[in-house]
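Data first, discussion second: the structure below is written as C-alpha cells.
The values are calculated or read from the model by the stated rules, or taken from the named source; none is laboratory data. Computed from a predicted structure; not experimentally measured. Backbone-built Cβ (ideal geometry, glycine too); neighbour counts: all protein chains shown. These area figures cover heavy atoms from the full protein model, side chains too; ligands, DNA and RNA do not enter into them. Shrake-Rupley method; radii C 1.70, N 1.55, O 1.52, S 1.80 Å.
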Amino acid sequence: MTHTHDVVVVGAGLAGLVTTAELVTAGRRVLLLDAEPPASLGGQAWWSFGGLFLVDSPEQRRLGVRDSAELALSDWLGSAAFADDGADRWGRAWAEGFVDFAAGGMRDWLHRLGVRWFPLVQWAERGGYLADGHGNSVPRFHVTWGTGPGVLEPFVRVLLDAHRDGRVEARFRHRVTGLTTTDGRVTGVRGDVLAPDAAERGAPSSRTVVRPFEVEAAAVVVATGGIGANHDLVRATWPAAAGRLPARMLSGVPDHVDGSGIEAARAAGAHVAHEGRMWHYPEGVTNHSPVWSAHGIRILPGPSSLWLDADGNRLPAPLFPGFDSLGALTHVTSRGDDHSWFVLDRTILGKEFALSGSEQNPDLTGRDLALLLERVRPGAVGPVETFAQRSPEFVAATTPAELAAGMNALTGTSRIDPDALARTIALRDAQVATGLGKDLQVTATAMARRFVVDKAIRVAPPHRLTDPAHGPLYAVRLSVLTRKTLGGLATDLEGRVLRPDGEVLPGLWAVGEAAGFGGGGVHGHRALEGTFLGGCLFTGRTTGRALVAAL
C-alpha cells in the first residue's frame, strides 16, 4: 500500500473541496482523488447558475421581502413531506440545521471568503398550493456574482495554496471502484489509475485503465455526487407511482455523475436511503453546443408561458412555469410522454426566459456589468436569443395554425390540433383582456408583478399572445432533463455514514449529493431550489469540522 493519509476525499466537486478546505486549514493531511482530468476541478458546481437559498438576507430586506427562519422551515417541511415513521429522521434533522445555517451563518461565512451576490433576489419554486404545501412563500434564490465558478473560487484557492505548501495531495484520473475494510471499519480505497486525457471541462474522458491503485487512511469521505448521468439507473429507481421516464432524456450533468461512489459505499456496508427520490426537470432543451452526452439546458421560465402537454392541453393548476417542477415532471411522465411545450411570444421570450448554467450567463459568470445591463433592455438576453435562433426546439410562427403545424413537424406527429390550439390561446387572451380574470395562471402572473424584481426583469406585462405587437408566437419543445439525486448515503449529523441497522459504519463519511445533501435525504420528496449548492456547502463544512475533531 501507499503511505497513509489522515483523510481520503473521493470527488473534487464543491462538497469535496469544502471538506478538504476545512481539513487542511486545521492541519490534517488530505488526499483528494478524482476520476476526471484536472480541467474538471469543481465538478457539477462549476456549471451551475450559482443560486443559493438564503433566509432573511440583506438582499431580501433591501427589496422589502419579509422572511424568517420559521417561515423558511415551514416551507421546507411543506415541500419535503417527511414521513412520520422515523424513515426521515436524519434528513429532517439535517433540514432543520440547514435552514438555521441559511438564516444565520452561511452568508457571513461566504462573504468573509469573498463571495458576493447579484442584488436582485429571484423567486424559484413558487408552489401555488395552500400555506402548508410545496413552494417558497417569498423569493430566496440568491444568484452568486460569478455563478457556479464564483461559489467554487474560495475553496479552489484554499486547495491550490494547500497543494503548493504540501498540505494536500490531489490525484486526478484516479477512479475509485471500491472501499477497503478491516474488521468492519473502512480503512481506505482501491481503484484504477486512468490514462491521461486532455478532455475539456465536463466532456467525456477515457476510461482506459493504466494500473490499479490502493490507498489507506484513517477516514474516507465520499463526495462523488449522484446518479443523474446514469439514465438506466435513473429509470430503474424512478418510482412506478410517478409514471414512466421516457427513453429519450437529456442530461443536466456530465457523464461521470454515474452513482459509482454510492455503489462502492453500499458494497462496503453503507445504507443508501430513499433511492427513488430524485429532482429532475421537465423544462430541458437540447444544448446546440453540447459538452457531455445528451447535454441539455434547463429553461428558467417566468410565469406567463402557456404550458401544454404533448397533445396541446394545458397542464392543470398550479403546474405553471416556475411553480412546481416535480409536479409538472410527474404529470408528463404519468402520461407516458417524452415532451411537453411552452407557448409564448417574443415579449415573453425576452422578459421571462433565462437559461440555467454558468456558461449560459456570461454577464454574471464573468462579472461583466456592461453585459449585465442588457438584461433590463427590451428583447431576449444574448444566450437566450442565440438558443432561439440555433435550437431546433424553438418553433416560430405568426398564427396559432402555423405554430401547430411547426410543432407537429418537429415531433413528426399530428398531436397538436390547430383549431384546439387557437381556442386555448384565445381563451387565455380573453382572460388577460379583462384586466382581472378567473384563470389561475393569469391571476398568479399578475400577483408576481407585485414583487419589484419580477416586475423589473422577470415577468412581462399582461398582454394578449395574439397581439401582433408582441409577435411572433413561439413554441418550445421541453424534454425531461436529469439532474439531482435527493436520496443517498444515510449519515448522522456529523456526516458519518450509517449501516442499514442504523449504526455508524466506522471510517466512512459522506457529503453533498452522495449523502442526499445530508442524512440521506435532506429535501424529502421535493426541493426548494438554491438548496443543492447550499447543501454541498453545509455538509462539507459540517463534516469537515466533525472530522477535524474526530482525528
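Only helices at least 24 Å long along their axis, Cα-based, and averaging -0.5 or more on Kyte-Doolittle count here, so list those DSSP H runs from the chain.
On the way: long enough: 147-164 (26 Å, 0.26); 531-550 (27 Å, 0.79).
Helices meeting the span and hydropathy rule in the chain are 147-164, 531-550.
Using the heavy atoms of the protein chains and a 1.4 angstrom probe, tell me the accessible area per residue for the chain in square angstrom.
Values: 20420 Å² over 551 residues.
Per-residue value: 37 Å².
How big is the shadow of the Cα convex hull of the range 260-330, averaged over all directions, in nm²? Numbers along the way, then the final one.
Details: hull surface 28.5 nm².
Its Cα hull, projected and averaged over all orientations, spans 7.1 nm².
Please sort 69-79, 255-265 by packing, taking for each peptide the average over its residues of neighbouring beta carbons within 10 angstrom, highest first. Mind showing how you got there, number by number?
Values: 69-79: 19.5, 255-265: 23.5.
By packing density, highest mean first, the sequence is 255-265, 69-79.
In the range 493-519, which residues have a backbone nitrogen under 19 Å from the label point lying 7 Å from residue 87's Cα in the Cα-to-Cβ direction?
What the label zone holds, given the 19 Å backbone N cut-off, is 498-503, 515-519.
Enter the Cα centre distance for the pair the range 157-185 and the range 322-354, rounded to the nearest angstrom.
Answer, in whole Å: 42.
Percent antiparallel among DSSP beta bridges with both residues in the chain, to the nearest 5? Mind showing how you got there, number by number?
Values: 50 of 71 bridges.
Percent antiparallel among DSSP bridges in the chain is about 70.
So how far apart, in nm, are the two label points at residue 335 and residue 433 if each is 7 Å from Cα heading toward Cβ?
2.7 nm
Which FRET efficiency value, to the nearest 0.05, do you get for residue 241 and residue 171 by plugging their Cβ-Cβ distance into 1/(1 + (r/R0)^6) with R0 = 35 Å?
Working: r = 43 Å, r/R0 = 1.22.
Between residue 241 and residue 171 the formula returns 0.25.
Under 14 Å from the Cβ of residue 185, count the other residues' Cβ atoms, weight Lys and Arg +1, Asp and Glu -1, and hand me the total. Write down the numbers at each step before the final one.
Values: positive: 496, 499; negative: 183, 216, 503.
Taking every Cβ under 14 Å from that of residue 185, the sum is -1.
Under 11 Å from the Cβ of residue 524, count the other residues' Cβ atoms, weight Lys and Arg +1, Asp and Glu -1, and hand me the total.
On the way: positive: 92, 277, 526; negative: 88.
So the surrounding residues net to +2.
Going Cα to Cα from residue 455, which lysines come in below 26 Å? Please leave out same-chain ones fewer than 8 positions away.
351, 438
What is the ratio of the Cα radius of gyration of the chain to 2.2 N^0.38 Å, with N the residue count, to two decimals? All intermediate terms of the calculation are to be shown ahead of the outcome.
Values: Rg = 23.2 Å, N = 551, 2.2 N^0.38 = 24.2 Å.
Here the Cα radius of gyration is 0.96 times the empirical estimate.
Which net charge results for the neighbourhood of residue 60, defined as the other residues with beta-carbon distances under 11 angstrom from its beta-carbon, given Lys and Arg at +1 and Asp and Glu at -1? Write out the running numbers ahead of the final one.
On the way: positive: 61, 62, 66, 107, 140; negative: 56, 59, 67.
Value of the local net charge: +2.
Cα centroids of the range 62-123 and the range 467-520: how far apart, whole angstrom?
Between the Cα centre of the range 62-123 and that of the range 467-520, the gap is 16 Å.
When ranked by the protection proxy of mean other Cβ atoms within 10 Å per residue, highest first, what sequence do the peptides 479-486, 135-142 form? Working shown, then result.
Details: 479-486: 26.5, 135-142: 22.6.
Per-residue Cβ counts within 10 Å, averaged per peptide and sorted highest first, yield 479-486, 135-142.
Only bridges with both residues in the range 19-175 count here: give the DSSP antiparallel percent, nearest 5. Walk me through the numbers on the way to the answer.
Numbers: 5 of 10 bridges.
Approximately 50 percent, going by the DSSP bridge assignments.
With +1 on each Lys and Arg Cβ and -1 on each Asp and Glu Cβ, and nothing else charged, work out how big the dipole of the chain is about its Cα centre, in Debye to the nearest 20.
Numbers: 54 positive and 59 negative charges, 147 e Å.
Here the size comes out at about 700 debye.
Rank by packing, highest mean first: peptides 202-215, 535-548, 321-334, with packing defined as the count of other Cβ atoms within 10 Å averaged across residues. Intermediate results must be reported in sequence, preceding the final value.
Working: 202-215: 15.1, 535-548: 25.4, 321-334: 21.9.
Answer by packing, highest mean first, reads 535-548, 321-334, 202-215.
Please label the shape of the range 1-46 as rounded, prolate or oblate, based on the square roots a ≥ b ≥ c of the eigenvalues of the alpha-carbon gyration tensor (a/c under 1.5 means rounded; beyond that, a/b larger than b/c means prolate, else oblate).
Working: a/c = 2.96, a/b = 1.38, b/c = 2.15.
Verdict is oblate for the range 1-46.
For the range 312-448, rounded, prolate or oblate, judged on the Cα gyration tensor with a ≥ b ≥ c (square roots of eigenvalues), a/c < 1.5 rounded, else prolate if a/b > b/c?
Working: a/c = 1.60, a/b = 1.38, b/c = 1.17.
Since a/c reaches 1.5 and a/b is larger than b/c, the shape of the range 312-448 is classed as prolate.
R0 = 30 Å: FRET efficiency of residue 503 with residue 74, Cβ-based, nearest 0.05? The partial results should precede the final answer.
Values: r = 33 Å, r/R0 = 1.09.
It comes to 0.35.
Apply the a/c threshold of 1.5 to the C-alpha gyration tensor of the range 149-234 and tell me whether it is rounded, prolate or oblate.
Here the range 149-234 falls in the rounded category.
Describe numerically, in nm with one decimal, the distance between label points set 7 Å from Cα along Cα→Cβ at residue 209 and at residue 367.
4.4 nm
Would you give the gap between the C-alpha center of the range 296-318 and the C-alpha center of the range 373-416, rounded to a whole Å?
If you average the Cα positions of each part, the centres end up 14 Å apart.
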